[in-house]
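A short write-up of the structure that comes next.
The values are calculated or read from the model by the stated rules, or taken from the named source; none is laboratory data. This structure is a prediction, so every number in the text was calculated from the model and none was measured. Methodologically, a virtual Cβ is constructed for each residue, glycine included, from the backbone with ideal geometry; neighbour enumeration extends over all protein chains shown. These area figures cover heavy atoms from the full protein model, side chains too; ligands, DNA and RNA do not enter into them. Shrake-Rupley method; radii C 1.70, N 1.55, O 1.52, S 1.80 Å.
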Amino acid sequence: MSKNRFLIAVLALSACLPAFAGAPDNDHDQIDVAAACKLLPNHAQLQWALSGAQSQSNGGFGLNMWGTVVNRDGIVCAVAFTGANRGSQWPGSRVISAQKANTANAFSLPALALSTANLYSAVQPGGSLYGLQASNPVSTHVAYRGDPSDYGKANDPMIGGRIGGVNVFGGGLALYNSKGELIGAIGVSGDSSCADHNIAWRTRHALKLDYVPAGVSGDPTRPDNIVYDITNAPDLALGVSAKGWGHPTCSTAATTIAAGLPAIP
């Protein structure tokens, strides 16, 4: 390429840069968050319900929690934490909570709910959903954009973005309103995965969004509850779930608590 042609190419590229610089911030500037999230809990409601659930005995370590709510399109509507500040709970659990919410929403249907806990065994080698955990990657742009000092507040930078991600251990639950409509999902993270499930369940119950139609747990009163049916199998490093939807145990307390979680309405 001649020197003149090279200069022309550089100038043409430079002329395009302002257009890229002024482009919308992913989908953040295009989403009407109020309209997209009108059926779901706001930040204050999520924080209240999450704090109430975390304060109970959940069979874990009693750690502070992150919680995220997404709508049916996977758009983040609210993010909250239970501690004094954003550093009072595992920083990495903020995105994990959003990932769990996205998973429960993405793989639940109007007539069938799947919790993230239900997916653990199914995605193991030989499972019916093996490979699922590698699909739908997290949007790192949505996850880490903005000022970290706003994380967990009413203006958390994830709000209005599609977070994506798949998580396959306890803590994510679909949200069904009193009309039985699937309106999104909640994800919580910050403790053991079994405690996370119990906290998510109690949070959803407090929000009165647990009108779950059906699930795979085998308990019609708790359709998408965590299932503890994994047993060791000879010559296999992984245990085998009798129903195919099992989750590893974390503690005797967490297992007992799960069996007595509030029944659906």
Residue in the stretch 99-111 that is in contact with a helix residue (DSSP H, G or I) (Cβ under 8 Å, 6 or more places away or on another chain) and β-branched (Val, Ile, Thr) present: yes
In the stretch 138-154, is there at least one residue being open to solvent by less than 20 Å² (accessible area, probe 1.4 Å) and of a type in the set (Asp, Glu)? no
When the stretch 200-233 is checked residue by residue, the ones that are charged (D, E, K, R) and touching a residue at least 12 places away in the same chain (Cβ under 8 Å) are 202, 204, 208, 210, 222, 224, 229
Within the stretch 234-243, tally of residues that are outside any strand (DSSP E or B) and in contact (Cβ under 8 Å) with a residue 24 or more places away in the chain: 2
Restricting the first residue to the stretch 245-265 and requiring it to be open to solvent by 40 Å² or more (accessible area, probe 1.4 Å), which pairs with a second residue that is among the polar types (S, T, N, Q) and in a loop (DSSP other than H, G, I, E, B) meet a Cβ separation below 8 Å and a spacing of at least six or different chains? 245/217; 250/192; 253/57; 255/249; 263/221; 265/178
Exactly one of 195, 174, 214, 185 is under 18 Å from the mean Cα position of the chain (by Cα), among the aliphatic types (A, V, I, L, M) and not in a strand (DSSP E or B), and that one is 195
Could you list, in sequence order, all residues of the stretch 184-209 that are open to solvent by 10 Å² or more (accessible area, probe 1.4 Å) and either at pLDDT below 95 or touching a Phe, Trp or Tyr at 6+ places or on another chain (Cβ under 7 Å) (or both)? 191, 192, 193, 209
